[in-house]
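S.K.: My questions all concern the structure below.
The values are calculated or read from the model by the stated rules, or taken from the named source; none is laboratory data. Note that the structure is a prediction, hence the values are computed from the model and not measured. Heads up, the Cβs are rebuilt from the backbone with ideal geometry, glycines too, and the neighbour counts pull from every protein chain shown. For accessibility, only protein heavy atoms count, side chains too; no ligands or nucleic acids. Shrake-Rupley method; radii C 1.70, N 1.55, O 1.52, S 1.80 Å.
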Amino acid sequence: MDPKEISIEQYNYPLPDGRIARHPLAQRDACKLLVSNTDGSIDDRIFNELPALLPTDAIMVCNNTRVINARVRMNKDSGAAIEIFCLEPEAPADYERNFASTGPCSWQCLVGNSKKWKEGALHRRIEVDGKGEVVLSAERTGRSDTASVVEFSWNRSDISFSEIIGAAGEIPIPPYLNRESEEGDATDYQTVFSEIEGSVAAPTAGLHFTPELLEAIDRTGIERREVTLHVGAGTFRPVKAAMIGGHDMHSEFITVGRDMIEGLRDKGERPVVAVGTTSVRTLESLYHIGCLISRGEWTGELGQWYAYDSAHPALSVAESMEAILARLDSLGEDTLMAHTRIIIAPGYRYRIVDGMITNFHQPQSTLLLLVSAFIGDSWRALYDHALAGDYRFLSYGDACLLFPHRQ
């Protein structure tokens with residue numbers, strides 16, 4: 001199957017508005033868990049039963065990204081409201097350096113009410129916890145068809161941009177929740193293992209974990225590992241092209257440490273269970289990055305369609321990881337930093353991921369394509385079962401544990 005010729009209409013299903021969870025459950029791990037087994041059977045479980053449902057020799061991989069207060073509201077002197085939605089750092093382009101900046105820094109941003117802000121700087125007084133008042137300024141320094149470059153500056157050199165956006169911004173909950181951010185979202189929309197700032201959307205499959213559940217998983221002997229993928233606003237962008245070959249995937253920034261890469265190289269037959277589609281995309285991207293490095297063709301970003309290239313060298317996972325490690329050695333580095341635009345759709349062959357924990361996704365979305373590539377057309381039976389069984393959908397909804405079906 002040529003994935004470029006897949007009609008997105010094939011991945012439509014009726015999702016009543018009332019089935020979209022507006023808020024999470026009070027107890028994160030008390031949500032429902034729909035299990036799709038290797039024999040194609042379906043089980044209804046509770047998420048806190050997860051330790052008994054995972055292979056005892058599994059490697060469970062989580063995305064440790066942390067959602068930033070990416071939505072910043074400003075006003076012109078005239079009173080016109082301008083909303084600035086920070087997407088990714090422009091200068092410094094490195095996330096860590098940008099957040100640590102104590103002077104001007106720039107971001108690629110979406111601008112709401114853009115026509116009202118043609119020129120000039122916007123100013124806003126904010127209170128930074130424990131440090132008092134700061135005057136934040138924003139100036140539009142460039143624009144394209146899809147985003148604007150906004151330079152932020154402030155009048156205190158003892159305060160970092162991380163502190164500024166923490167005080168000035170709001171958690172950007174998904175648009176399909178059809179409500180404003182609330183105080184509780186600041187906690188609810190972060191995973192308990194969130195650590196590295198950068199996402200504008202949560203890796204929502206991870207929202208179901210609690211510290212107690214992670215401890216229970218550790219007691220089984222399952223090995224927990226972490227990667228970082230900073231989720232961009234493009235994750236909410238619907239597929240508008242009739243065929244997915246006409247859809248441009250958004251670029252997302254990933255970082256993977258040497259220990260994770262070495263663990264994949266040496267894992268043997270141990271199964272890898274990815275928590276969330278962001279971990280899936282990171283792990284599968286990692287394999288293809290190693291293949292590009294082995295060919296001397298790595299440029300820093302994995303293209304959307306490389307995985308389907310007939311010239312793909314099809315290395316083993318160990319060979320691919322070894323190529324990445326050799327590159328890190330040559331550069332004297334311990335962390336791979338890259339961008340990925342990979343699209344995982346029916347016709348894709350999974351190289352690293354053997355199981356995945358994920359939520360229920362929007363109709364006609366690239367995330368639903370990813371699920372279909374993993375369990376085939378049985379996604380329909382799974383979603384029909386969930387709709388009939390009063391499961392809650394999307395970011396604050398219930399979860400699935402998926403294993404590929406064996407013939």
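S.K.: Step by step: find N for the range 251-379, compute 2.2 N^0.38 Å, then divide the Cα radius of gyration by it. What's the final number?
M.R.: 1.03
S.K.: Moving on. Can you give the Rg to Rh ratio for the range 83-239, taking only C-alpha atoms and Rh from Kirkwood?
M.R.: We get a ratio of 1.00 for the range 83-239.
S.K.: Using only the alpha-carbon atoms of the range 27-175 as identical scatterers, what base-10 log of I(q)/I(0) does the Debye formula give at q = 0.10, 0.14, 0.17, 0.22 Å⁻¹?
M.R.: -0.51, -0.73, -0.91, -1.47
S.K.: Arrange the peptides 77-89, 315-327, 346-358 so that the one whose residues have, on average, the most other Cβ atoms within 10 Å appears first.
M.R.: Sorting 77-89, 315-327, 346-358 by mean packing, highest first, produces 346-358, 315-327, 77-89.
S.K.: Still on this structure: Please identify the helices of the chain, taking whole runs of DSSP H, that span at least 15 Å along their own axis as judged from the Cα atoms and have a mean Kyte-Doolittle score of -0.5 or higher.
M.R.: What comes out of the filter, once short or polar helices are dropped, is 277-294, 317-331.
S.K.: Among I173, V61, T187, flag the residue with its Cα farthest along the positive direction of the charge dipole of the chain, charges on Cβ as +1 for Lys/Arg and -1 for Asp/Glu.
M.R.: I173
S.K.: Relative contact order for the chain using alpha-carbon pairs under 8 Å, separation at least 6, rounded to a whole percent?
M.R.: Reported as a whole number, the value is 24 percent.
S.K.: Another question, if that's okay. Roughly speaking, what is the centre-to-centre gap between the range 128-151 and the range 262-303 when only Cα atoms are used, to the nearest Å?
M.R.: After rounding, the separation between the Cα centres reads 35 Å.
S.K.: If you look at just the Cα atoms of the range 34-101, how large are its Rg and its Dmax in Å?
M.R.: 22.0, 64
S.K.: Okay, next question. Which value in nm describes the separation of the simple spin-label points at T56 and R143, placed 7 Å from the Cα toward the beta carbon?
M.R.: So the label points at T56 and R143 sit 6.2 nm apart.
S.K.: What is the gain in length, in nm to one decimal, between E223 and A121 on full extension, counting 0.36 nm per residue of separation less the C-alpha to C-alpha distance?
M.R.: Residue separation times 0.36 nm, minus the Cα-Cα distance, leaves 31.7 nm.
S.K.: Still on this model: Go ahead and estimate [θ] at 222 nm for the chain from helices alone: -39,500 (n - 2.57) per DSSP H run with n ≥ 4, summed, over the residue count, rounded to 500.
M.R.: -6500 deg cm²/dmol
S.K.: Which of the peptides 237-245, 146-154 is most tightly packed, and how do the rest follow, judged by the mean count of other Cβ atoms within 10 Å per residue?
M.R.: Taking the mean over residues of other Cβ atoms within 10 Å, the ranking is 146-154, 237-245.
S.K.: Over the Cα atoms of the chain, each weighted equally, I'd like the Debye log10 I(q)/I(0) at q = 0.07, 0.13 Å⁻¹, rounded to two decimals.
M.R.: -0.34, -1.18
S.K.: For the range 1-54, place one equal point scatterer on every Cα, skip the solvent, and apply the Debye formula. What is log10 of I(q)/I(0) at q = 0.14, 0.21, 0.23, 0.24 Å⁻¹?
M.R.: -0.67, -0.96, -0.98, -0.99
S.K.: Please list, ordered by chain and number, the residues whose modelled amide H lies under 5 Å from the amide H of M60; skip anything fewer than 5 residues away on the same chain.
M.R.: Excluding prolines and chain starts, which carry no amide H, the hits are E223, R224, R225, V273.
S.K.: So for W379, W298, what's the accessible-area order with a 1.4 Å probe, most first?
M.R.: Of W379, W298, the descending order of accessible area is W298, W379.
S.K.: Also: Positive end of the dipole of the chain, charges at C-beta (+1 Lys, Arg; -1 Asp, Glu), about the Cα centre: which of L213, F99, G79 has its Cα farthest in that direction?
M.R.: With unit charges placed on the Cβ atoms, the residue in question is G79.
S.K.: Working from the alpha-carbon coordinates of the range 147-303, get Rg over Rh, Rh being the Kirkwood radius.
M.R.: That ratio is 0.99, to two decimals.
S.K.: Normalised by the residues of the range 84-214, what does the relative contact order come to in percent, with Cα pairs under 8 Å and at least six apart?
M.R.: Computed value for the range 84-214: 21 percent relative contact order.
S.K.: Please compute the Kirkwood hydrodynamic radius over the range 104-189, one decimal place, Å, based on all pairs of different Cα atoms.
M.R.: In the range 104-189 this quantity evaluates to 14.6 Å.
S.K.: Here is a further query. Using a 1.4 Å probe, how large is the accessible area of R97, given in Å² and rounded to the nearest 10?
M.R.: Surface open to solvent at R97 totals about 150 Å².
S.K.: Can you tell me the dipole magnitude for the chain around its Cα centre, using point charges on the Cβ only (Lys, Arg +1; Asp, Glu -1), in Debye to the nearest 20?
M.R.: 940 debye
S.K.: Please compute the volume of the convex hull spanned by the alpha-carbon atoms of the range 316-396 and report it per residue in Å³.
M.R.: 130 Å³
S.K.: Would you mind getting the Kirkwood hydrodynamic radius of the range 58-134 from its Cα pairs, rounded to one decimal in Å?
M.R.: Hydrodynamic radius (Kirkwood, Cα only) of the range 58-134 equals 14.9 Å.
S.K.: Test of understanding: what is the full-extension gain from E333 to N12, defined as 0.36 nm times their sequence separation minus their Cα-Cα distance?
M.R.: 111.2 nm
S.K.: Calculate the dipole size of the range 145-204 relative to its Cα centre from +1 charges on Lys and Arg beta carbons and -1 charges on Asp and Glu beta carbons; express the result in debye to the nearest 20.
M.R.: Computed about the Cα centre, the dipole is about 80 debye.
S.K.: So which residue, out of P172, P211, P51, gets the largest mean-square fluctuation from a GNM of the chain using Cα contacts under 10 Å as springs?
M.R.: Of the options given, P211 has the highest mean-square fluctuation.
S.K.: What is the spin-label model distance, in nm, from A388 to A93 if the labels are put 7 Å beyond Cα along the C-beta direction?
M.R.: Rounded to a tenth, the inter-label distance reads 5.2 nm.
S.K.: Under the rule a/c < 1.5 gives rounded, and otherwise a/b versus b/c splits prolate from oblate, where does the range 247-318 land using the Cα gyration tensor?
M.R.: oblate
S.K.: Rg over Rh of the range 159-198, using C-alpha atoms and the Kirkwood radius, what does it come to?
M.R.: Looking at the range 159-198, the ratio lands at 0.99.
S.K.: Once phi is turned into ³J(HN,Hα) by the Karplus curve 6.51 cos²θ - 1.76 cosθ + 1.60 with θ = phi - 60°, what whole-Hz value does each residue of the range 350-358 show in order, with x for glycine and proline?
M.R.: Per residue, the Karplus-derived 3J(HN,Hα) values read 5, 9, 10, 7, 10, x, 9, 10, 8 Hz.
S.K.: Right, something else. If you rank W305, W107 by how much accessible surface each has, with a 1.4 Å probe, what is the order from largest down?
M.R.: Putting W305, W107 in descending order of accessible area: W305, W107.
S.K.: So, one more: Let me know the shape class of the range 97-140, please: from the alpha-carbon gyration tensor, a ≥ b ≥ c as square roots of the eigenvalues, rounded when a/c is under 1.5, otherwise prolate if a/b is greater than b/c, or oblate.
M.R.: oblate
S.K.: Stretched out fully, how many nm does the piece from N75 to D129 gain, at 0.36 nm a residue minus the Cα gap?
M.R.: Result: 17.2 nm gained on full extension.
S.K.: Let me know the charge dipole size of the range 41-189 about its Cα centre in debye, to the nearest 20, where only the beta-carbon of Lys, Arg (+1) and Asp, Glu (-1) is charged.
M.R.: Once rounded to the nearest 20, the dipole reads 780 debye.
S.K.: Using a 1.4 angstrom probe on the protein heavy atoms only, could you order H247, H385, H123 from most to least accessible area?
M.R.: H123, H385, H247
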